[in-house]
Amino acid sequence: MSADDGGFIAVWDIEDGKLMSKFGNSHGPKNKITAGCFDSTQRRLITAGSDGTCKMWNFSNGQCLTELFSSENPKRIDTEITELVCVFDPDDAETQLKMSYIISVGWDKKIHVWADEKEEEVTSTKILPQGGQEGHKDDIMSAVYCLKNTMIYTGGHDGSIIAWNFETGYSKYKLHDNDKSCTSKDYIKDGKSVDQLLIMDVRDKLLSMSADQYLRFWSLNELTGGK
């Protein structure tokens with residue numbers, strides 16, 4: 001699957017590279033697609049538009065199956081979404097069919113979580129931070145979910161990386177506190193945005209990729225997020 005700034009979604013045959021289907025105007029005529037992911041069954045596609053809308057599709061025929069709304073706004077998140085993540089256990093077939101979750105992050109500095117209820121309209125079940133907690137002070141650019149410790153890791157435009165407990169919704173620790181170069185203005189001249197996060201299950205590591213052109217490997221075995 002590929003998507004572009006014109007709002008077009010294309011489905012390709014991975015074996016021969018041929019275009020199988022294509023549909024456009026997915027988020028309105030003037031809105032680009034900013035993020036996308038597949039659901040737990042790999043049968044549906046979730047996309048986000050630059051206007052803050054979030055939709056789920058049957059990508060074979062272009063039918064919109066579900067729209068995801070924020071509990072703070074009845075229409076949309078109302079700010080650009082930078083990352084979408086589907087949360088599920090790939091080894092538990094029963095869980096995949098019954099329940100999974102969708103996470104979005106973006107310019108509103110918040111984490112939106114939806115339960116995949118397979119309805120035409122779904123409202124977010126929780127929005128983080130909550131309970132007066134302090135979260136990101138700048139745009140959130142990336143996110144990843146760790147199945148082993150049930151944590152959400154989010155990366156900010158200012159170089160910050162925060163670990164959140166998925167069940168409770170509370171932030172557990174800040175990884176950038178263990179490496180001051182992540183947010184240091186003296187160390188980074190051109191940029192420090194955490195543009196991508198990746199879980200390395202085999203080595204129990206979190207990999208962060210930043211605009212300062214550094215790769216940082218974080219130990220998931222350390223509760224304080226040690227580098």
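Just grab the label-to-label distance for E167 and S181, each label 7 Å out from Cα along the Cβ direction, in nm (one decimal).
3.6
Tell me, what ³J(HN,Hα) does each residue in region 59-65 have, in order and in whole Hz, if you take phi through Karplus 6.51 cos²θ - 1.76 cosθ + 1.60 with θ = phi - 60° and put x for Gly and Pro?
Coupling constants for region 59-65: 6, 6, 10, x, 7, 7, 8 Hz.
Set the Förster distance to 30 Å, then compute FRET efficiency between E119 and D4 from the Cβ-Cβ distance, nearest 0.05. Please list the in-between numbers first.
Details: r = 28 Å, r/R0 = 0.95.
Efficiency, from the Cβ-Cβ distance: 0.60.
What is the Cα coordinate range of region 105-227 on the first, second and third principal axes, sorted by size from largest, in whole angstrom?
47, 31, 26
Of the candidates A35, A143, A211, which one comes out as most mobile in a Gaussian network treatment of the chain with C-alpha springs shorter than 10 Å?
In this elastic network of the chain, the residue with the biggest mean-square fluctuation among A35, A143, A211 is A211.
Would you indicate which of (i) 24.5, 83; (ii) 17.7, 52; (iii) 18.7, 58 is the value of Rg and Dmax of the Cα atoms in Å derived from the coordinates of this structure?
Read-out taken from this structure: (ii).
Given 0.36 nm per residue, what is the gain on full extension from D13 to N25 after removing their alpha carbon distance, in nm? Write out the running numbers ahead of the final one.
Numbers: separation 12, 0.36 × 12 = 4.32 nm, distance 2.20 nm.
My answer for the length gained is 2.1 nm.
Setting aside same-chain residues fewer than 8 positions from K32, which aspartates and glutamates have a Cα under 13 Å from its Cα?
D4, D5, D51, E80
Could you state the orientation-averaged shadow area of the convex hull built on the Cα atoms of region 52-167, in nm² to one decimal?
On the way: hull surface 31.0 nm².
Quarter of the Cα hull surface area: 7.7 nm².
What FRET efficiency comes out for the pair K126/C64, r = Cβ-Cβ distance, R0 = 35 Å, nearest 0.05? It would help to have the intermediate numbers written out before the result.
Values: r = 24 Å, r/R0 = 0.69.
The value I calculate is 0.90.
Mind checking the full-extension length gain between E72 and F38? Use 0.36 nm per residue of separation minus the Cα-Cα distance, one decimal, nm.
Numbers: separation 34, 0.36 × 34 = 12.24 nm, distance 2.49 nm.
Gain on stretching E72 to F38: 9.8 nm.
Percent antiparallel among DSSP beta bridges with both residues in the chain, to the nearest 5?
Numbers: 60 of 64 bridges.
Taking every DSSP beta bridge within the chain, about 95 percent pair in antiparallel fashion.
For the chain, what does the accessible surface come to per residue with a 1.4 Å probe? Please give it in Å². The partial results should precede the final answer.
Details: 11780 Å² over 227 residues.
With the other protein chains kept in place, the chain gives 52 Å² per residue.
Heavy atoms only, probe 1.4 Å: what % of the accessible area of region 104-227 goes to carbon and sulfur, would you let me know? Walk me through the numbers before you get to the answer.
Details: 3020 of 6340 Å².
So the carbon and sulfur contribution to the accessible surface is 48 percent.
Counting only residues 5 or more places away or on other chains, whose amide H sits under 5 Å from the amide H of G7 once H atoms are built in the peptide plane?
Correct list: I33.
The values are calculated or read from the model by the stated rules, or taken from the named source; none is laboratory data. Model, not experiment: these values are computed from the prediction. Here Cβ is always computed from backbone atoms with ideal geometry, including for glycine, and neighbour counts include all displayed protein chains. Heads up: the accessible areas ignore ligands, DNA and RNA and are worked out on the full protein's heavy atoms, side chains in. Shrake-Rupley method; radii C 1.70, N 1.55, O 1.52, S 1.80 Å.
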